Amino acid sequence: MAKITDEARQTYGEQVGFYQQQVDALLIREKNMLMMIEKDPTGASYKRLMLTDEMLYLTTLYLSKHSLSVAMLGVKNEDALNDARKTLYKAVIYLEEVVTNYIDVPFSDYEVKVEEIKNLPQTKRYYLVRKLGLAIRLVLDAYGDNTKWRWTFVELEARFATVAKNILDLKTASKDGLDPHSPDYDDTVYHLRLVKKLLQQAADRYREKYELSTGRIDDFRLGINYLLALRRIHLILNERVEAEEVKKKADVWKDKMDKDHKKNEAQKK
C-alpha cells in the first residue's frame, strides 16, 4: 500500500470536516428531540419517526466519511463504518419503539401502536422502509463480504424485516389498500411484496447462521418465527396455497430443530 502523504492527510481532514459538522449537528438535534419526548410524550411516535429518518441521513454522512477516506487515502475508515452500523441500529430501535418488535403475533396485538401514526400516509411508510433497506445495503457493501460483522447483520436485517411489516396498517392494507382503485394500491402491493421477501430472507439467514456459525437453537427458533410471520401475512391476504407451503417448511425446520436439540442435550450428558 502506498504511503499516505501529509498533503493527502491535510486535504482529507479539511474535506471530512464538512461532514463532521453535519454529524455533530444531527447528534445535538437527536439529543434535544429525546429530551422533548421525555418532557412531553405527546406525538412521541411521530417524533421517533423523525429520529429514524435523521438517523438514516446520519448513516449516509458516516458512509461519506468512509468513501472520502477510500478515495483520498486509499484506506477504509473503520471508525466511520462502525458509526454507520451503530446508527442503523438506532434507526431500527426508534422504529421498534413506534410499531413494536413483535415478529409472529396477530395484528391486534400491536394495532394500538400503529393507530398512533394513522396520519402517516402509506406512501411515506413504504418510502421510509425503502430508505432503511437501502442504508443497510450500502453499509453492508462498504464493509465487504469478509467482514467480521457478517453474522451480526443477520439480526439487523431481520429486525428491519420486522419493522417493515409492523409499520403497515394490515387491517387497511389487506382491504382498502388492495383495491385497484385505491390511491394507495401500488405502494401497498409493493410494500407487502417487500415484507414477504424480507421475512423469508430473515428466516433463511437465521437458519444459515445456525448451520454455519453459532449452532444456537435460539437462532434456529428465530428463523422459524420469521417463517410463521410470513405464513400469517399470506393468511391475511387469503393466499392459502402459499401459507400452506410456508407451514410445511416451518414444520420441517421445527422437526430438525427438535432433533438437533435432543442430540445436543444427549451429548452434554
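The values are calculated or read from the model by the stated rules, or taken from the named source; none is laboratory data. Every value quoted in this text rests on a predicted model; they were computed, and no experiment measured them. As a convention, Cβ positions derive from the backbone with ideal geometry for all residues, glycine included, and neighbour counts pool all protein chains shown.
Observations
- Of all the residues in segment 1-53, those that are under 22 Å from the mean Cα position of the chain (by Cα) and among the β-branched types (Val, Ile, Thr) number 2.
- Qualifying residue in segment 77-97 (condition: of a type in the set (Gly, Ala, Ser) and either touching an Asp or Glu at 6+ places or on another chain (Cβ under 7 Å) or surrounded by fewer than 21 Cβ atoms within 10 Å (Cβ to Cβ) (or both)): no
- Cβ-Cβ under 9 Å pairs, at least 6 apart or on other chains, segment 1-26 side within 15 Å of Ala71 (Cβ to Cβ), far side at pLDDT 85 or above and not in a helix (DSSP H, G or I): Met1/Gly74; Met1/Val75; Ala2/Gly74; Ile4/Gly74; Ile4/Val75; Ala8/Gly74; Val16/Asn77
- Per-region count, segment 138-194, residues touching a helix residue (DSSP H, G or I) at 6+ places or on another chain (Cβ under 9 Å) and not in a helix (DSSP H, G or I): 12
- No other residue among Ala266, Ala203 is at pLDDT below 95 and assigned to a helix (DSSP H, G or I) apart from Ala266.
- Search result, residues across segment 73-91 that are aliphatic (A, V, I, L, M) and in contact with a Ser or Thr (Cβ under 8 Å, 6 or more places away or on another chain): Val75, Ala80, Ala84, Leu88, Ala91
- Filtered residues of segment 197-218 (kept if surrounded by fewer than 20 Cβ atoms within 10 Å (Cβ to Cβ) and not polar (S, T, N, Q)): Lys197, Asp204, Glu208, Glu211, Leu212, Gly215, Arg216, Ile217, Asp218
- Only one of the numbered conditions (1) closer than 30 Å to Leu230 by Cα; (2) touching a helix residue (DSSP H, G or I) at 6+ places or on another chain (Cβ under 8 Å); (3) surrounded by fewer than 20 Cβ atoms within 10 Å (Cβ to Cβ) is not met by Met72, and that is (1).
- Conditions (1) over 22 Å from the mean Cα position of the chain (by Cα); (2) modelled with pLDDT under 95: number failed by Trp253: (2)
- Verdict on Leu128 being at pLDDT 95 or above and in a helix (DSSP H, G or I): yes
- Subset of segment 20-34 (residues that are more than 24 Å from Glu115 (Cα to Cα) and of a type in the set (A, V, I, L, M, F, W, C)): Val23, Ala25, Leu26, Leu27, Ile28
- Qualifying residue in segment 232-246 (condition: part of a helix (DSSP H, G or I) and either of a type in the set (S, T, N, Q) or touching a Gly at 6+ places or on another chain (Cβ under 7 Å) (or both)): no
- Only one entry of Val246, Val241 meets the criterion of being among the β-branched types (Val, Ile, Thr) and free of Cβ contacts under 8 Å to residues at least 12 places away in the same chain, and that entry is Val241.
- Filter result for Thr100 (closer than 24 Å to Leu140 by Cα, in contact (Cβ under 8 Å) with a residue 60 or more places away in the chain and crowded, with 17+ Cβ neighbours inside 10 Å): no
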